[in-house]
Amino acid sequence: MPFVELDTSLPPERLPPGLAQTLCTAAADILGKPAERVNVTVRSGLPMVLSGSAEPCAQLVVSSIGVVGTAEQNQRHSARFFDVLTAQLGLGPERIVIRFYPLEPWQIGKNRTVMTFL
């Protein structure tokens with residue numbers, strides 16, 4: 001059950017229509033998870049500073065069970081997420097940062113229990 005959270009200083013009108021759905025589809029493909037399990041949040045127009053600069057920027061947080069736990073996995077994921085983000089947001093790769101967080105099944109609640117028991 002991946003969680004993908006995009007924060008950006010770009011104003012909402014500069015984001016392409018359907019960006020959340022595009023990220024959902026891309027994350028499912030990149031992480032090898034079904035799209036119906038991917039959760040996406042997009043927050044825009046945020047006051048942000050990246051690498052000391054307030055120029056337009058974005059940060060993506062990707063959390064998931066089992067697919068973001070190694071440097072090798074995340075190197076592959078990073079390249080593919082950067083391709084999507086630079087194309088969708090019109091930002092250079094130097095204005096985007098990605099954080100990966102591995103999750104354990106007991107850390108995600110769903111249907112009144114945790115994923116461990118589903």
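The values are calculated or read from the model by the stated rules, or taken from the named source; none is laboratory data. In this text the structure is predicted, and so the values were computed from the model without any measurement. When we count neighbours, we look across all protein chains shown, and the Cβ atoms used for this are built from the backbone with ideal geometry, even at glycine. Areas reflect the complete protein model, heavy atoms only, side chains present, ligands, DNA and RNA absent. Shrake-Rupley method; radii C 1.70, N 1.55, O 1.52, S 1.80 Å.
Tabulated results
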quantity	calculated
Tally, over the range 1-14, of residues that are assigned to a loop (DSSP other than H, G, I, E, B) and at pLDDT 95 or above	4
Tabulated pairs, the range 57-80, first touching a residue at least 24 places away in the same chain (Cβ under 8 Å), second of a type in the set (S, T, Y) and open to solvent by less than 40 Å² (accessible area, probe 1.4 Å), C-beta under 6 angstrom, 6+ apart or interchain	C57/S9; A58/T8
The range 1-17: number of residues that are under 15 Å from the mean Cα position of the chain (by Cα) and either among the β-branched types (V, I, T) or open to solvent by 40 Å² or more (accessible area, probe 1.4 Å) (or both)	4
Failed condition for G52, given (1) touching a Pro at 6+ places or on another chain (Cβ under 6 Å); (2) over 14 Å from P2 (Cα atoms)	(1)
T116 vs. criteria in contact (Cβ under 8 Å) with a residue 60 or more places away in the chain and either open to solvent by 80 Å² or more (accessible area, probe 1.4 Å) or assigned to a helix (DSSP H, G or I) (or both)	no
Considering residues of the range 50-78 that are more than 17 Å from the chain's Cα centre (by Cα) and surrounded by fewer than 17 Cβ atoms within 10 Å (Cβ to Cβ) only, the residue nearest to L91 (Cα to Cα)	E55
Residue count for the range 28-46, restricted to those that are open to solvent by 50 Å² or more (accessible area, probe 1.4 Å) and assigned to a helix (DSSP H, G or I)	3
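Listed here are the residues, each with its yes/no results for (1) part of a helix (DSSP H, G or I); (2) in contact with a helix residue (DSSP H, G or I) (Cβ under 6 Å, 6 or more places away or on another chain); (3) among the hydroxyl-bearing types (S, T, Y).
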{"position": "P16", "(1), (2), (3)": "no, yes, no"}
{"position": "A26", "(1), (2), (3)": "yes, yes, no"}
{"position": "M48", "(1), (2), (3)": "no, no, no"}
{"position": "V61", "(1), (2), (3)": "no, no, no"}
{"position": "F100", "(1), (2), (3)": "no, yes, no"}
{"position": "W106", "(1), (2), (3)": "yes, yes, no"}
